[in-house]
Amino acid sequence: MISAADILRGRILIVDDLAANVSLLTKMLSGAGYVNVDSTMDPRKVCGLHRQNHYDLILLDLLMPGMDGFAVLDALKAIEAESYVPVLVITAQPGHKLRALQAGAKDFISKPIDLVEAKARIHNMLEVRLLYRQIEKYNAVLEQTVKERTAELRVSEERFHRLTELSSDWYWEQDANGLFTESSGRALAVLGIRGDGSSMVNSAEVDGPRWHEPGRTSLDENIAARRPFLDLICGRTNVDGTEQYFQVSGEPIFSQSGRYTGYRGIGMEVTDRLREH
């Protein structure tokens, strides 16, 4: 939250070509407790001063020789192209109020200046400006946090995949309909996965591999019941008569709402290991 002390510490710039007006506004702001008040009678210096000091509020007279307040507003908008232009214009011309607001000013003070009204408008504009800056800082911190967390997630995912590759021959994922959506290693070639993600392990084709029972049945039952399984052994007889055995582990995947979305797991060929025993 923005405190009263924060508002009184806001950086203010007074821009007016008349010394009497600058003196009046300076004394009013000083008397109200504002401690960071600058002024200039040269409108051509406004942009340079704003770049240097990043004012929270600019009190801008519209009718000035050489460069009027509307030209100053245009120049300030170029500096604050993606931000908030903190300008409160001062004018004695009623017709200039709408034009100033359309040019980018956030509020106005009419001449002759009513000090009570001026203090209220200045206070309100500073509060809005400081809140805006607070939001900008929060968004910057949030954006940086997201970048850091995303980088950490990428590192974690890379570590997971490296560990998976070390502990298994492949990693696999399938959707709720049993179609394989992601795989690594030799999963597609070993298991006979079609290009559309469907498995050929249950194929009735004569020239296809034949999976052994009860391993295949146990695998199907676990998936149908959406149960996790660990180191399940599945064997098959290939078309050339050779035997192959695979060790598979998997777990069901659920969305945040609890909806079942598929399975993921790891697998490895253990034919040689089983032969040794």
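Here are a few things to note about the model shown:
- Taking residues in the stretch 155-179 that are more than 24 Å from Arg226 (Cα to Cα), and partners anywhere that are surrounded by 12 or more Cβ atoms within 10 Å (Cβ to Cβ) and modelled with pLDDT under 70, the pairs with Cβ atoms closer than 9 Å and at least 6 places apart or on different chains are Glu165/Gly185.
- Only one entry in Arg121, Arg149, Arg133, Arg129 is touching a Pro at 6+ places or on another chain (Cβ under 7 Å), in a helix (DSSP H, G or I) and either modelled with pLDDT of 85 or more or within 12 Å of Leu57 (Cβ to Cβ) (or both), namely Arg129.
- Unmet criterion (only one of (1) at pLDDT 85 or above; (2) in contact with a Phe, Trp or Tyr (Cβ under 6 Å, 6 or more places away or on another chain)) for Tyr55: (2)
- Residue within the stretch 225-242 that is in a strand (DSSP E or B), modelled with pLDDT of 90 or more and among the acidic types (Asp, Glu) present: no
- Residues located in the stretch 224-246, provided they are of a type outside the set (S, T, N, Q), over 48 Å from the mean Cα position of the chain (by Cα) and surrounded by 12 or more Cβ atoms within 10 Å (Cβ to Cβ): Arg236, Glu243
- Complete set of residues in the stretch 244-277 that are among the acidic types (Asp, Glu) and modelled with pLDDT of 90 or more: Glu251
- Matching option when the condition is of a type outside the set (S, T, N, Q) and either touching a Ser or Thr at 6+ places or on another chain (Cβ under 6 Å) or over 24 Å from His54 (Cα atoms) (or both), among Leu126, Leu115: Leu115
- Close pairs (6 angstrom Cβ cut-off, 6 or more residues apart or separate chains): closer than 26 Å to Lys77 by Cβ and in the same structural domain as Leu88 (by TED's automatic domain parsing) in the stretch 102-118, aliphatic (A, V, I, L, M) and part of a strand (DSSP E or B) anywhere: Ala105/Val87; Ala105/Val89; Asp107/Leu88; Phe108/Val89; Ile109/Ile90; Ala118/Ile109
The values are calculated or read from the model by the stated rules, or taken from the named source; none is laboratory data. Everything numeric in this text was worked out from a predicted model, so none of it was measured. Ideal geometry is used to build each Cβ from the backbone, glycine not excepted, and the neighbour counts take in all protein chains shown.
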